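Please read the structure below before turning to the comments.
The values are calculated or read from the model by the stated rules, or taken from the named source; none is laboratory data. Owing to the predicted nature of the structure, the values given are computational and were not obtained by experimental measurement. Counting neighbours? That spans all protein chains shown, and the Cβs are built from the backbone with ideal geometry, glycine included.
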C-alpha cells in the first residue's frame with residue numbers, strides 16, 4: 001500500500017508539473033485529467049473512498065467537457081507537447097524546483113498522516129466520509145443554499161459573458 | 001444587460017462581502033471573496049470593447065491566483081493546527097501566505113501591477129466599485145490576522161506608498177493615476193496595521209470618502225484623460241472649484257481631512273520608535289502629492305485662452321444626482337476639526 005501511495009503521489013506531482021509547464025491546451029487538459037485521477041487514487045489510499053468517488057464522477061465529468069472543448073477550440077496543426085524545447089525546459093526547471101523543495105523541507109516529512117481518518121474505525125458508528133455527508137446536510141444547510149446560489153450566479157456570469165451575436169463579451173476580442 | 005441579471009449581480013456583490021464580514025471560518029470567508037470576484041466580472045465587461053475584456057481577463061487571473069493561494073493557506077493552516085478559525089492563523093508559514101494572498105487581492109506593492117492595468121480598461125463607475133467595495137472583503141480578513149512579526153506588513157506598506165507615488169508620476173490617464181493613488185493609500189493602511197488597527201480603519205474610512213468624491217467628480221465631467229480636465233470649468237464651475245481641495249485632501253495637506261490619517265499614522269510610528277520608516281513614508285507621499293497637484297493645476301489653476309463668451313457657464317443644469325457627491329466632498333474637505341470625535345469613534 002505504501003509503495004502504491006508513493007507511485008500515486010509521484011504521479012500527482014509529475015502531473016502538476018506537466019500542466020504547469022505550459023504545453024498546448026489539450027495536452028494541459030490531459031495533464032489535468034491525469035492529476036485528477038491520480039488525486040482520487042491518493043484519496044482512496046487515505047481512506048476516503050466515498051469522497052474519491054464523488055470527486056472522480058463530478059470533477060472528472062466536468063473535466064472531460066473542458067477537455068473536449070479545449071481540444072476542439074485549440075486544434076493546432078503543430079501542438080506543443082512535452083517533447084518541444086520551451087515546454088521541456090520549463091518542465092525540467094519545475095522538477096528541479098520540486099527537488100530543491102524536497103531537499104529543504106524533506107526532513108520535516110513524516111508518515112503518520114497516512115493513517116487516514118478511518119484509522120480508528122472500530123471506535124465510530126459511521127464511516128468518516130458518510131458521516132461528513134450527513135453532517136453537511138444537517139448542520140450545513142445554509143451553506144448548501146449558499147453553494148447553490150453561487151452555482152446559479154456562475155451560470156448567469158457565464159451566460160452573460162458568452163451570449164450570442166454582438167452582445168457577448170468574447171466576440172469583442 | 002437585462003435588469004434581472006444586473007440586480008442578481010449587484011445583490012451577489014453585496015452577498016459576497018457580507019458573507020466574508022460575517023464569517024469566522026476560513027472556508028466561508030474564501031467563498032465570500034470568490035462570490036465577489038465572480039459577480040463583478042459581467043459588470044466589468046458591460047462595455048464591449050477589447051480593452052474592457054482584456055482588463056477583465058487580467059482581473060480574473062490575478063484574483064483567481066490570489067484566491068487559490070488564500071485557500072491553500074487556509075487548508076495548510078487547518079492541516080497544521082486543526083482549526084479553521086480566522087483568528088487562529090498563527091503558524092508563520094500560513095500567516096505569511098495569507099498576508100501575501102490578501103495583498104494580491106487588494107493590490108499592494110510587490111503584487112500590485114494588475115491594478116492600474118485593470119482600472120485603465122473599465123468605466124469610472126466600475127472602477128469606483130473596484131477600488132472601494134471590492135477592497136472591503138479582503139481588508140476585513142487582513143485586519144483580523146495578527147502577525148507575530150510586523151516586518152511583512154511594514155515592507156508591503158512602505159513599498160506600496162513608494163510605488164503608488166512613483167508609478168503615478170508619468171501618467172496622463174486619470175484611471176491609472178487613481179489606481180496608483182489607491183495603491184499608495186492602501187500602503188498607509190497596511191503600514192500602521194500591526195501597531196494600531198483602529199487607525200487602519202480610520203484611514204480606510206477617509207480613503208473611501210475621498211476616493212468616492214474624486215471618482216464621482218470625474219464621472220460628472222466625463223473625463224478619463226488629464227487634458228480634458230482643463231475644460232471642465234465650463235461644464236460644472238462649482239465642482240471644478242472644489243476638486244483641487246479633494247485632490248489635496250487625498251495628498252494629505254493640513255487643513256483638509258486627508259491630513260488626519262497621515263498625521264495620526266506618523267505620530268503612532270514615531271511612538272513605536274520607527275522614525276526612519278515614518279520619514280520615508282512621509283517623503284514618499286510627496287510623490288503622490290506631486291501628481292495630485294498636477295491634476296489640480298490642469299483642472300482649476302490654469303485656463304486656456306478663450307474669448308469672453310466662452311468663459312460663461314452656458315450649459316443647462318446637469319441632471320445628475322449630486323447629493324452623495326456633495327456629502328462626501330464636504331466630509332473630504334472639512335472633517336479635520338472633528339479629529340478627536342472620529343478618533344474616539346474608531347478607537348473605543
Matching residues in segment B:18-29 (more than 9 Å from every other protein chain (Cβ to nearest Cβ), surrounded by fewer than 22 Cβ atoms within 10 Å (Cβ to Cβ) and in a helix (DSSP H, G or I)) number 3
On the basis of being at pLDDT below 85, assigned to a helix (DSSP H, G or I), within 14 Å of chain B (Cβ to nearest Cβ) and over 25 Å from the mean Cα position of the chain (by Cα), does residue A:142 make the cut? yes
Within segment B:272-284, count every residue that is in contact (Cβ under 8 Å) with a residue 12 or more places away in the chain and either part of a helix (DSSP H, G or I) or under 20 Å from residue B:207 (Cβ atoms) (or both). 6
Residues being within 14 Å of chain A (Cβ to nearest Cβ) and within 23 Å of residue B:182 (Cβ to Cβ) - total across segment B:62-106: 4
Please state which of the following conditions residue B:47 fails to meet, knowing it meets all the rest: (1) farther than 21 Å from residue B:133 by Cα; (2) within 12 Å of another protein chain (Cβ to nearest Cβ); (3) not in a helix (DSSP H, G or I). (1)
Say whether the condition of being crowded, with 24+ Cβ neighbours inside 10 Å, over 26 Å from residue B:243 (Cβ atoms) and over 13 Å from the mean Cα position of the chain (by Cα) is met by at least one residue in segment B:164-184. no
Mind checking which residues of segment B:50-61 are surrounded by fewer than 16 Cβ atoms within 10 Å (Cβ to Cβ) and either touching a strand residue (DSSP E or B) at 6+ places or on another chain (Cβ under 8 Å) or within 13 Å of chain A (Cβ to nearest Cβ) (or both)? B:50, B:51
Filtering segment B:1-12 for residues that are facing chain A (nearest Cβ under 10 Å) and assigned to a helix (DSSP H, G or I) leaves a count of 7
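Kindly establish whether residue B:241 is in contact with a helix residue (DSSP H, G or I) (Cβ under 8 Å, 6 or more places away or on another chain), in contact (Cβ under 8 Å) with a residue 12 or more places away in the chain and closer than 30 Å to residue B:271 by Cβ.
no
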Helices (runs of 4 or more DSSP H) contained in segment A:1-60 and holding at least 2 residues touching a residue at least 24 places away in the same chain (Cβ under 8 Å) and under 22 Å from residue A:102 (Cα atoms): A:2-20, A:25-45
Which ones in segment B:324-334 are without any contact (Cβ under 8 Å) to a residue 60 or more places away in the chain and either touching a strand residue (DSSP E or B) at 6+ places or on another chain (Cβ under 9 Å) or farther than 12 Å from residue B:217 by Cα (or both)? B:327, B:330
Out of (1) more than 18 Å from residue B:210 (Cα to Cα); (2) surrounded by 12 or more Cβ atoms within 10 Å (Cβ to Cβ); (3) at pLDDT 90 or above, the one residue B:318 does not meet is (3)
Within the group B:141, B:158, which residue is outside the structural domain of residue B:227 (by TED's automatic domain parsing) and more than 15 Å from the chain's Cα centre (by Cα)? B:141
Quick one: is residue A:105 within 13 Å of chain B (Cβ to nearest Cβ), at pLDDT 60 or above and within 21 Å of residue A:53 (Cα to Cα)? no
